[in-house]
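The values are calculated or read from the model by the stated rules, or taken from the named source; none is laboratory data. What you see is a predicted model; the values in this text were computed from it and never measured. Virtual Cβ from ideal backbone geometry, glycine too; neighbours counted across all protein chains shown.
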């Protein structure tokens, strides 16, 4: 997988709870910090609750490197989708989403992350230092994303099923 392939990671889990019970967990941008090793937390910048166009600041940590980003809610429909774009809407670092699909007494929770077109990230720097190994570097990063995403959806499942 190369950067030109528009890399993405997708995970899903079935939760024994209604979408109404799961929804508050997926639209809290700070909640994934409870489960992710990389994501450290988020705070709303201009509102106190999620809505289309609302912004939040997120903090991430990988090893000794700590960075913050500003995200904008770019797709929002109560009990269906919570999507945010990191940094520039026209040239994003990444685009993330939670989607809920009701199925009787259960809910399918899907989480996705797609690398954007912004090209000044740590991933890009790593590839610039070792361009012959671009595919392995990108695959490794997408695996890191998937692992943290799995921890996040599993944590949301636990909270929702209480």
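Please verify whether the range 35-52 includes one or more residues that are under 16 Å from residue 159 (Cα atoms), assigned to a helix (DSSP H, G or I) and in contact with a helix residue (DSSP H, G or I) (Cβ under 9 Å, 6 or more places away or on another chain).
The initial filter retains those residues of the range 35-52 that are under 16 Å from residue 159 (Cα atoms), namely 35-36.
Going one step further and asking which of them are assigned to a helix (DSSP H, G or I), we end up with none.
Within the range 35-52, none of the residues are under 16 Å from residue 159 (Cα atoms), assigned to a helix (DSSP H, G or I) and in contact with a helix residue (DSSP H, G or I) (Cβ under 9 Å, 6 or more places away or on another chain).
So, residue 137, is that one out of contact with any helix residue (DSSP H, G or I) (no Cβ under 7 Å at 6 or more places or on another chain), crowded, with 16+ Cβ neighbours inside 10 Å and more than 16 Å from residue 39 (Cβ to Cβ) or not? The answer is no for residue 137.
Quick check on the range 19-26. Is at least one of its residues over 15 Å from the mean Cα position of the chain (by Cα), outside any strand (DSSP E or B) and closer than 18 Å to residue 89 by Cα?
No, the conditions are met nowhere in the range 19-26.
May I ask you to say which residue of 64, 132, 161, 80 is touching a helix residue (DSSP H, G or I) at 6+ places or on another chain (Cβ under 8 Å) and surrounded by fewer than 17 Cβ atoms within 10 Å (Cβ to Cβ)?
Details: 64 fails: touching a helix residue (DSSP H, G or I) at 6+ places or on another chain (Cβ under 8 Å); 132 fails: touching a helix residue (DSSP H, G or I) at 6+ places or on another chain (Cβ under 8 Å); 161 fails: touching a helix residue (DSSP H, G or I) at 6+ places or on another chain (Cβ under 8 Å).
Every option except 80 fails the conditions.
Residue pairs whose Cβ atoms lie under 7 Å apart, sitting 6 or more positions apart in sequence or on different chains, and linking a residue in the range 146-162 that is in contact (Cβ under 8 Å) with a residue 60 or more places away in the chain and on the phi < 0 side of the Ramachandran plot to a partner that is crowded, with 19+ Cβ neighbours inside 10 Å and part of a helix (DSSP H, G or I), are 152/32; 156/22; 156/25; 156/26; 159/25; 160/22; 160/25. How about the range 1-18: which of its residues are surrounded by fewer than 18 Cβ atoms within 10 Å (Cβ to Cβ), at pLDDT 95 or above and in a loop (DSSP other than H, G, I, E, B)? Those that are surrounded by fewer than 18 Cβ atoms within 10 Å (Cβ to Cβ), at pLDDT 95 or above and in a loop (DSSP other than H, G, I, E, B): 16, 18.
If I filter the range 30-45 down to residues being farther than 24 Å from residue 64 by Cβ and touching a strand residue (DSSP E or B) at 6+ places or on another chain (Cβ under 6 Å), which single residue comes out as surrounded by the fewest Cβ atoms within 10 Å (Cβ to Cβ)? Spell out the reasoning first.
Of the residues in the range 30-45, the ones farther than 24 Å from residue 64 by Cβ are 31, 44-45.
Next, only the ones that are touching a strand residue (DSSP E or B) at 6+ places or on another chain (Cβ under 6 Å) stay: 44-45.
Numbers: 44: 15, 45: 12.
Among them, the one singled out is 45.
Kindly establish whether residue 92 is more than 30 Å from residue 161 (Cβ to Cβ), crowded, with 16+ Cβ neighbours inside 10 Å and touching a helix residue (DSSP H, G or I) at 6+ places or on another chain (Cβ under 7 Å). First the steps, then the outcome.
Details: more than 30 Å from residue 161 (Cβ to Cβ): yes; crowded, with 16+ Cβ neighbours inside 10 Å: yes; touching a helix residue (DSSP H, G or I) at 6+ places or on another chain (Cβ under 7 Å): no.
Answer is no for this residue.
Within the range 20-29, the set of residues being surrounded by fewer than 19 Cβ atoms within 10 Å (Cβ to Cβ) and free of Cβ contacts under 8 Å to residues at least 60 places away in the same chain comprises 20, 24, 28.
Here is a check on your reading of the model: is residue 122 in contact (Cβ under 8 Å) with a residue 12 or more places away in the chain and surrounded by fewer than 14 Cβ atoms within 10 Å (Cβ to Cβ)? Lay out the reasoning, then the answer.
Details: in contact (Cβ under 8 Å) with a residue 12 or more places away in the chain: yes; surrounded by fewer than 14 Cβ atoms within 10 Å (Cβ to Cβ): yes.
Yes; evaluated as a whole, the condition is true for this residue.
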